[in-house]
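All of the numbers you see were taken from the coordinates with simple rules; none came from a lab. Computed from a predicted model, the values in this text were never measured in an experiment. Positions of Cβ are generated from backbone atoms using ideal geometry, with glycine treated the same way; all protein chains shown enter the neighbour counts.
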């Protein structure tokens, strides 16, 4: 019976991305009613679950932290495409869409995924152990990128409003790419052991039993298909999301939160699975890597796209958002310092996320 279930699960993970892509092609640009939106959401969920499975296969083949990088970069590249597409084709205010989506990604990863991972890890082992050196390095880069790209525009004076001038935007883009590239060198070569679960060395990780090269390449291809389907179906559902946001009287910035939730669903599920297995460091790699890639890749892409985008590009955060970012920075520093965390730290991070979501709907 167990063998039959494994075969069904394997076949589902192969066909789900293709079916989701077919649904995406069939519904692209269509004005969908409620029944079709439900159908799209069902296939969207299937694509998310399939993406998690194939990401884990790839991660197992290449080892950590390379596996986390694969998923983080793949999701973020497609997230950038989604943001730019919506900014170009959107018929409503989209000047803050990049800021809202990127900031939501930072809050979801640094508080939601981190908090959930700590909670699951602590429930399993009493405390959730991780490598403080690697996690602190990753979060330090995230908070620096967030401050340079999302906080400083609020206080600069070269442009009117919470915006960068052209030269300031170019500097932020170059700095983002440089910091992200430097981090990848540190994570994958210089100090790879810092980003492995405690007690596991890079040599041990490389010699663990892994899927074959053919299986990994197949999963990589299916992962990319699933991610395209996830973001594409999320865009297809976005008019319904915007209507729902308007119906509850929430500000348009809540659309960015909803987009970030959909796009980060594969990483969230993958992080939760690793935390349940006692691999909290892998969950942290996914969270901080996704936040870093979201800023480090999105801001340069938006900077280039702004050449032909009409209208202003608002990147600066408001006062409420800055307070939440500062709170996240302080709490995260205290969480990472000991190299282990309890249920309390997990609950605190999830409370910050809850405050962010509530204030996004009721500012």
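Treating each Cα of the range 252-294 as an identical point scatterer and summing with the Debye formula, the log10 of I(q)/I(0) at q = 0.14, 0.22, 0.30 Å⁻¹ comes to -0.35, -0.71, -0.99.
Our summary gives the chain a relative contact order of 38 percent, counting only alpha carbon pairs under 8 angstrom and 6 or more residues apart. Here is how the number arises for the chain: DSSP H runs of 4 or more residues each give -39500 (n - 2.57), the sum is divided by the residue count, and the result at 222 nm is -25000 deg cm²/dmol.
Kirkwood hydrodynamic radius of the range 314-363, from the reciprocal of the average inverse Cα-Cα distance over all distinct pairs: 11.9 Å.
The alpha carbons of the range 108-192 give a radius of gyration and a Dmax of 17.0, 52 Å, in that order.
Scaling against 2.2 N^0.38 Å puts the C-alpha radius of gyration of the range 264-341 at 1.42. Relative protection proxy for 166-174, 138-146, from highest mean packing down: 138-146, 166-174 (other beta-carbon atoms within 10 angstrom).
Could you tell me which of rounded, prolate or oblate describes the range 210-363, using a ≥ b ≥ c as the square roots of the eigenvalues of the alpha-carbon gyration tensor, with rounded for a/c under 1.5 and, failing that, prolate when a/b is larger than b/c and oblate otherwise? Oblate, since a/c reaches 1.5 and b/c is not below a/b. Taking the chain as a Gaussian network of alpha-carbon nodes connected by springs under 10 Å, the highest mean-square fluctuation of the residues 223, 148, 21 belongs to 148.
Computed over all pairs of different Cα atoms, the Kirkwood value for the hydrodynamic radius of the range 216-277 is 13.3 Å.
Between residue 167 and residue 124, the FRET efficiency from the beta-carbon distance, with R0 = 45 Å, is close to 0.35. Built from the Cα atoms of the chain, the convex hull projects on average onto 18.4 nm², one quarter of its surface area. For the options 306, 135, 290, a Gaussian network treatment of the chain with springs between C-alpha atoms closer than 10 Å singles out 306 as fluctuating the most.
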